[in-house]
1. Out of region 100-136, which residues are of a type outside the set (A, V, I, L, M) and modelled with pLDDT under 95?
2. Quick one: which residue in E63, E44, E57, E48 is acidic (D, E), modelled with pLDDT of 95 or more and touching a Gly at 6+ places or on another chain (Cβ under 9 Å)?
3. Restricting to region 89-120, and then to whatever is assigned to a loop (DSSP other than H, G, I, E, B) and hydrophobic (A, V, I, L, M, F, W, C), can you tell me which residue is nearest to Y76 (Cα to Cα)?
4. Of everything in region 50-80 that's surrounded by fewer than 20 Cβ atoms within 10 Å (Cβ to Cβ) and of a type in the set (V, I, T), which residue is farthest from the ligand (Cβ to nearest atom)?
5. Can you pull out the residues in region 21-49 that are in a loop (DSSP other than H, G, I, E, B), more than 7 Å from the ligand (Cβ to nearest atom), under 21 Å from W105 (Cβ atoms) and touching a helix residue (DSSP H, G or I) at 6+ places or on another chain (Cβ under 9 Å)?
6. Within region 81-96, count every residue that is out of contact with any Asp or Glu (no Cβ under 6 Å at 6 or more places or on another chain) and within 13 Å of the ligand (Cβ to nearest atom).
7. Among V85, V71, V64, which is the only one that is in contact with a Ser or Thr (Cβ under 6 Å, 6 or more places away or on another chain) and either in a strand (DSSP E or B) or within 22 Å of K133 (Cβ to Cβ) (or both)?
8. When R27 is evaluated against the numbered criteria (1) surrounded by 16 or more Cβ atoms within 10 Å (Cβ to Cβ); (2) of a type in the set (D, E, K, R); (3) more than 19 Å from T91 (Cβ to Cβ), which criterion, by number, is the only one it fails?
Amino acid sequence: MNKIIKVVGAAIIQDGKLFVAKRSTGRSLGDLWEFAGGKIEKNETGPEALKREIFEEFGAECEVAEEFKSVYEHSYDFGTVVLEVFYAKLTSPITKMIEHDETRWVDEIEVQELAWVPTDIPAMQDLVKKGFKADE
Ligand SMILES: Nc1nc2c([nH]c(=O)n2[C@H]2C[C@H](O)[C@@H](COP(=O)(O)OP(=O)(O)OP(=O)(O)O)O2)c(=O)[nH]1
């Protein structure tokens, strides 16, 4: 059995820092750092799912740069995660946090010191290679 889990994540970069979130203790992949985002539902595009998830989880609106998608894949005992990463920009403030224990804005050095969800490690490394330029 190999379930495909389609997920979308946001590369939100502001003033040279990337927005990252730590999955709550007790969830699958708990205590690991990830991009804001979540599962893509049926009949949703990646950017639509991303806007919905960021609003649900953080109470913030965002714009998604639809043309900059990168895709990463990693298999776990619960299935294979296929992660689409888009550059995105917050257009309203973060007002809540419901699925994470902590959020941070990290620079290109700090980002590499975090314990990341395995799917996201190559994604994070690609972002570092490109540089944390604002407004990509
Ligand atoms: N939100 C997010 N999820 C990611 C990333 N990378 C990655 O492998 N994932 C995985 C973790 C989960 O298996 C899935 C996202 O689902 P979710 O965050 O909605 O988690 P969930 O509701 O299934 O939570 P849980 O029941 O597993 O505790 O994708 C990422 O960067 N952001």
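The values are calculated or read from the model by the stated rules, or taken from the named source; none is laboratory data. Quick caveat: nothing in here was measured; it's all calculated off a predicted structure. Ideal geometry is used to build each Cβ from the backbone, glycine not excepted, and the neighbour counts take in all protein chains shown.
1. Scanning region 100-136 gives K133, D135, E136.
2. Among E63, E44, E57, E48, only E57 is acidic (D, E), modelled with pLDDT of 95 or more and touching a Gly at 6+ places or on another chain (Cβ under 9 Å).
3. That would be V117.
4. That would be V71.
5. L32, the sole residue that qualifies.
6. 6
7. After applying the criteria, what remains is V85.
8. Failing condition for R27: (1).
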